[in-house]
């Protein structure tokens, strides 16, 4: 009797969903960079934790496939096409053409300045899958721009919370010379201050073939002569950070871009259905699921969930629906977009590459409404002026 009752409820719900959607057909366009440096063989062979492993199309397709039971029952279809753009101008034009051709949403796997240009050229909802740039959530935020990937500040807050919870309060910061490292170092320092940690010193490092600069790449020299609890390394290129653990002058843990790293996903995560997701992605692509892959997968889930609430395939209605949709991201909590900057609320995984060592927000970190909002910019800061 109980089983029959449950079947009846499911049938009723699906019938209502089918009536509401009226066989809506949605067009989605993924715009990615043509032949990005991160996909070159040498870069993949020396990949750092969280490094992109390839196109996000299979991950998005897997997310849409996971929602297929509901979408098919509701007679709703979501079709994905992909455009590879060799330049910022080409990406912007591809976005405009997709909008003219009737696409209802764009998904972007592009550098931050390309995302900024593309999102400003269209009125469609735009889902950012890989650009962590803080300005996209603050100074340059747009009401149609949603972020599936975590911001740099979210990652820095996650690490700072972990250090504070372990009472590792004395931090040595090592910063690289890549163009983005200066801004990321500043974000790290702000996170240290936010959680009451002390910056013992900040030292620059540089990988160079010049014999006169070899001391700038020597871990023993860079970490010597100071007392500290942990080394925080900011290395956007990843090469120096990879060699730092177990090579510091004092036997201390390493966090940041080497040692323990804050990530959206780790293929060895073992809770909340994560192993099944990682295995299905591995089977579909032949490679492990990375952070950006997870962002693509959850984007597919979010778009499907939002589309199921609408009667017709309308881009502006989809944008509004995304603002209130909830998504199961295989992390144990329902995920939603923050209304003030359209950043996806989500726990982060702290990993050394072999497994997940901890989760953020850290246990004991409190917030008046949602502990996930301790990661990244909170609403009272009003850093995003582009409100819907």
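Numerical summary
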{"read-out": "Backbone N within the stretch 170-185 under 17 Å of label point (7 Å from residue 206 Cα along the Cβ vector)", "value": "174-183"}
{"read-out": "Virtual spin-label span in nm between residue 84 and residue 41, 7 Å along Cα→Cβ", "value": "1.6 nm"}
{"read-out": "Peptide ranges 154-163, 177-186 listed from the most packed, as the mean C-beta count within 10 angstrom indicates", "value": "154-163, 177-186"}
{"read-out": "Pairwise FRET efficiency - residue 75 versus residue 186, Cβ, R0 = 56 Å, nearest 0.05", "value": "0.65"}
{"read-out": "Cα centroid separation, the stretch 282-305 to the stretch 87-114 (Å)", "value": "20 Å"}
{"read-out": "Cα centroid of the stretch 135-196 to Cα centroid of the stretch 209-281, whole Å", "value": "15 Å"}
{"read-out": "Rounded, prolate or oblate (a/c below 1.5 giving rounded, otherwise prolate when a/b exceeds b/c) for the stretch 153-263 by Cα gyration tensor", "value": "prolate"}
{"read-out": "Two-site FRET efficiency, residue 214 against residue 312, from Cβ-Cβ distance with R₀ of 51 Å, rounded to 0.05", "value": "0.20"}
{"read-out": "C-alpha long axis of helix 88-100 to longest principal axis of the chain, angle in °", "value": "20 degrees"}
{"read-out": "Three-way shape call for the stretch 267-388 based on the alpha-carbon gyration tensor, with the a/c threshold at 1.5", "value": "oblate"}
{"read-out": "Spin-label pair residue 379/residue 270, simplified geometry with 7 Å Cα→Cβ offset, distance in nm", "value": "3.8 nm"}
{"read-out": "Computed label-point distance, nm, for sites residue 370 and residue 123 using a 7 Å Cα→Cβ extension", "value": "2.8 nm"}
{"read-out": "Angle between the chain longest axis and helix 2-21 axis [Cα atoms, degrees, rounded to 10]", "value": "90 degrees"}
{"read-out": "The chain: angle of helix 274-285 to the longest principal axis, Cα-based, in degrees nearest 10", "value": "80 degrees"}
{"read-out": "Antiparallel DSSP beta bridges within the chain, as percent of all bridges there, nearest 5", "value": "20 percent"}
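Every read-out reported here was derived from the displayed coordinates using simple, explicitly stated rules and does not represent laboratory data. The shown structure was predicted, so the numbers you read here are calculated from the model rather than taken from an experiment. Note: ideal-geometry Cβ built from the backbone for every residue, glycine included; neighbour counts use all protein chains shown.
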